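Structure first, then comments.
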Amino acid sequence: MASSVLPAWSSIMVLVVLTAGVRPPPCCRAEFTVVVPDTSAAALVDAPQPGFSDRARIDPAEQRAVQEVMAATGNGWAWGIPDVCRGRWHGIECVPDRHDVYHVVSLAFGALSDDTAFPACDAATATLSPAVLALPHLRSLFFYRCFTGNPQPIAALLGSLGPASFRSLVLRQNGHVGPIPAELGNLRALRVLDLHGNQLTAAIPPTLQSLTHLRMLDLSYNRLAGPVPRFDFQRLSILDLSHNALQGGVPWSLGQCRSLLKIDLSQNRLTGTIPGALGELSELMLLDLSHNALSGPIPAALSRLASLRSLILSDNRMQFSTVPDGFFTGLKALTTLVLSGMGLAGTIPESIGELGELRVLRLDNNQFTGVIPPSFRRLERASELRVDGNRLVGPIPFGKEMMWRLGKKLRVGGNEGLCYDTKQEGLEGVVALAGVADCDSVRSRTTQHLVWSNSTVVSRRGGVATVTSSAASVSRNTGGTRVETTWLVFVCLHLAWFVALELQL
């Protein structure tokens with residue numbers, strides 16, 4: 001909204017909500033880009049203005065251009081406004097020059113919310129008018145859900161918007177189709193490029209690598225294919241290419257983007273390993289590479305990301321990869337750790353229990369063995385904890401207070417060897433224990449199995465058990481070595497489980 005007091009800013013401000021934990025559904029994420037226009041150009045006054053003088057007026061050519069742009073979006077009422085910079089609506093920002101002539105520096109369209117009254121678009125007929133090129137001082141252009149009823153490509157003419165001064169282009173959830181215009185690479189001063197939630201196809205044009213001043217790049221929720229470009233932007237803070245069909249590997253060059261706070265490449269078709277170069281991103285707060293086809297192991301270099309708050313690698317099939325026990329020692333800031341459905345093997349790292357800030361922990365649907373680390377009792381801030389669908393054994397180490405607090409968010413099922421201690425009072429009705437046996441009954445069954453198994457063993461020859469009666473007969477007739485070895489493995493597994501259970505209790 002044009003105002004009688006028009007402050008000047010020396011740089012662009014970008015506000016981005018970093019989502020952590022479970023991702024909301026597509027096109028329902030309350031995540032928007034707020035851009036304050038850069039007014040430090042020499043032709044404009046770089047100082048607060050006390051108000052409009054009697055002589056203040058908008059440049060006549062810009063007045064006509066704004067009215068044409070407004071009319072093309074279905075806002076023909078703007079023709080009746082004598083001076084759009086003196087009008088009273090959100091979505092237009094004007095700044096004066098030293099001759100009391102006001103220039104348009106920002107235009108925004110689309111109803112973000114009931115409290116943000118940018119001019120709404122007629123989605124069925126709205127188009128982008130070429131008159132936008134007649135606004136030479138324009139710094140920021142924002143369209144939200146404006147062309148959904150009239151799908152159209154992103155206009156290549158946008159690449160001619162003040163190559164040395166245009167700062168922010170946001171075309172969010174507009175239903176744009178076709179490829180990203182290569183001409184956008186001409187906007188060398190661009191700080192923000194947000195094309196989220198359209199229907200864009202083809203590859204990301206290599207010309208975008210010329211946008212070396214970018215601080216935010218969001219191309220998520222489109223249909224883009226091809227490789228992830230080798231970006232190495234030193235000022236890039238936000239990179240979101242999620243929910244596309246991108247292929248190839250995660251570029252090692254991202255490790256050179258030292259200002260990155262967020263990397264989201266989830267829900268693509270990426271292959272190869274995670275580059276260790278990402279461990280150089282000392283300011284990184286969110287890394288989401290989930291739902292790809294990346295292979296293991298998880299690089300040890302990621303354990304150096306001391307600022308990391310969310311690490312989400314789920315649904316990458318890293319079969320039989322293990323996670324070193326001390327991997328999480330340096331990740332004290334983690335609040336979200338999601339390693340679901342990765343095929344990870346070995347024991348669960350004890351160091352996870354030292355993550356005092358952790359809220360969400362998902363280790364479900366892997367091949368973890370051994371016990372739940374006792375250190376997990378110290379995860380006092382956890383609001384969700386999942387270890388279901390593994391091969392864990394032994395007693396569940398959580399106290400009743402923790403189990404009641406987590407409620408349905410604690411999931412331990414699908415681990416046949418897990419049990420709970422009946423000596424703890426107040427566990428009746430704990431949802432997480434549904435279908436989980438008590439340790440006394442498990443111990444009793446194990447003892448019975450061992451007694452039964454031992455009764456069948458009558459001698460040992462060279463360290464291999466020989467089975468009597470009918471089993472011995474089968475051994476002679478169908479290949480005794482195979483049957484004898486099977487029984488030995490069965491007995492050893494039960495012995496190992498019984499020892500682990502006794503040590504825990």
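The values are calculated or read from the model by the stated rules, or taken from the named source; none is laboratory data. Since the model is a prediction, treat every value here as computed from it, not as a measurement. Ideal geometry is used to build each Cβ from the backbone, glycine not excepted, and the neighbour counts take in all protein chains shown. Note: areas computed on protein heavy atoms with side chains; ligands, DNA, RNA excluded. Shrake-Rupley method; radii C 1.70, N 1.55, O 1.52, S 1.80 Å.
Considered as a group, the residues in segment 398-450 that are in a strand (DSSP E or B) and at pLDDT below 90 include one that is most open to solvent (accessible area, probe 1.4 Å), and that residue is TYR420.
Please work out if LEU284 is over 14 Å from GLY343 (Cβ atoms), out of contact with any Lys or Arg (no Cβ under 9 Å at 6 or more places or on another chain) and either outside the structural domain of SER340 (by the TED database) or part of a loop (DSSP other than H, G, I, E, B) (or both).
Numbers: over 14 Å from GLY343 (Cβ atoms): yes; out of contact with any Lys or Arg (no Cβ under 9 Å at 6 or more places or on another chain): no; either outside the structural domain of SER340 (by the TED database) or part of a loop (DSSP other than H, G, I, E, B) (or both): yes.
No, not satisfied.
Yes or no: GLU62 of a type in the set (Asp, Glu), buried (at least 17 other Cβ atoms within 10 Å of the Cβ) and not in a helix (DSSP H, G or I)? Taking the combined requirement at face value, the residue does not satisfy it.
Among the residues of segment 311-328, is there at least one that is buried (at least 21 other Cβ atoms within 10 Å of the Cβ) and in a strand (DSSP E or B)? Taking every residue of segment 311-328 in turn, at least one turns out to be buried (at least 21 other Cβ atoms within 10 Å of the Cβ) and in a strand (DSSP E or B).
Conditions tested, residue by residue: (1) more than 26 Å from the chain's Cα centre (by Cα); (2) open to solvent by less than 10 Å² (accessible area, probe 1.4 Å); (3) within 22 Å of ALA111 (Cβ to Cβ); (4) among the charged types (D, E, K, R).
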residue	(1), (2), (3), (4)
LEU135	yes, yes, no, no
GLY159	yes, yes, no, no
ARG167	no, no, no, yes
ALA182	yes, no, no, no
GLY197	no, no, yes, no
